[in-house]
Amino acid sequence: MIILRDFCMEDSFLHKGLRRKLVEELREKGITNTRVLNAISSVPRHLFMDSGFVHFAYKDKAFPIAANQTISQPYTVAFQSQMLDIKSGDKVLEIGTGSGYQAAVLLELGAKVFTIERHKILSVGAQTLLPKLGYRPRFFYGDGFKGLPTYAPFDKIIVTAGAPEMPEKLVEQLKPGGQMIVPIGGEDKQIMTHLKKHDDNQCECSEHGAFLFVPMLKGKS
Ligand code: SAH
């Protein structure tokens, strides 16, 4: 449920209408999972961006947020969420909290979300905003390459920054039968990679096209 505390947190009919249009655009681009489309139509993306960008919030584009990072493109958020086939009750680890938008979409899908961010300013920003909107993931400020061994294993892991190679510690923290989605590559493009960990712990990867993310970097900032 969304609690509107002041004018700046408004989610108007105009915003809802723009979200319906965005959902149509995502459907045309190949997002078929209705639970994912419903989640996108529920999350007020304009509240995750600086108010100056409010008119761009429902364009299918990535946009700048603090610390030189970006809020992912809605298509990318929908694509990664659809690939992971999030079920209600799934325990999901997200690397790269950023604005908190992807975490909100995962929560709308019924997941229990653990999210890590390496930039303090972004982690604190998301920790302030999301509860105001009724979204309550577990927040962690730290290096996502390390994952969260204390809380492992996870049903699903979503990496929302471009990883230079398969992050092995995250693979270890996946349950047998679990899945991970991670863009892998250099700074100019990454290949969306889906990893399935079978019940015997053997892993199988498949590739799903080129995307562009900000880089996954080691350490905290
Ligand atoms: N999921 C975010 C996307 C943000 S962009 C959203 O919905 O807005 C990717 C984010 O990953 C950035 O905020 C960046 O700081 C963060 N990041 C990059 N490397 C990281 C790492 N090793 N651990 C945690 N976060 C990382």
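Quick notes on this one:
- Close pairs from the stretch 81-105: first of a type in the set (D, E, K, R), partner within 14 Å of the ligand (Cβ to nearest atom) and in a helix (DSSP H, G or I), Cβ under 6 Å, at least 6 apart: Glu94/Ala103
- Evaluation of Met49 against (1) of a type in the set (A, V, I, L, M); (2) within 19 Å of Leu133 (Cα to Cα); (3) crowded, with 21+ Cβ neighbours inside 10 Å; (4) touching a strand residue (DSSP E or B) at 6+ places or on another chain (Cβ under 8 Å) (one fails), failing number: (3)
- Pairs are defined by a Cβ separation below 6 Å, a sequence spacing of at least 6 or placement on different chains, a first member in the stretch 31-49 that is more than 17 Å from Lys87 (Cα to Cα), and a second member that is assigned to a helix (DSSP H, G or I) and modelled with pLDDT under 95; the pairs so defined are His46/His15; His46/Val54.
- Considering the stretch 174-221, the residues that are of a type in the set (Lys, Arg) and within 12 Å of the ligand (Cβ to nearest atom) include one that is nearest to Ile116 (Cα to Cα), namely Lys220.
- Yes/no for Phe48 being at pLDDT below 95 and touching a Ser or Thr at 6+ places or on another chain (Cβ under 8 Å): no
- Pairs, first farther than 17 Å from Ile158 by Cα and basic (Lys, Arg) in the stretch 114-126, second within 10 Å of the ligand (Cβ to nearest atom) and part of a strand (DSSP E or B), C-beta under 9 Å, six or more apart: Lys120/Tyr141
The values are calculated or read from the model by the stated rules, or taken from the named source; none is laboratory data. Keep in mind the model is a prediction, meaning the values are calculated, not measured. Cβ atoms come from the backbone with ideal geometry, glycine included; neighbour counts cover every protein chain shown.
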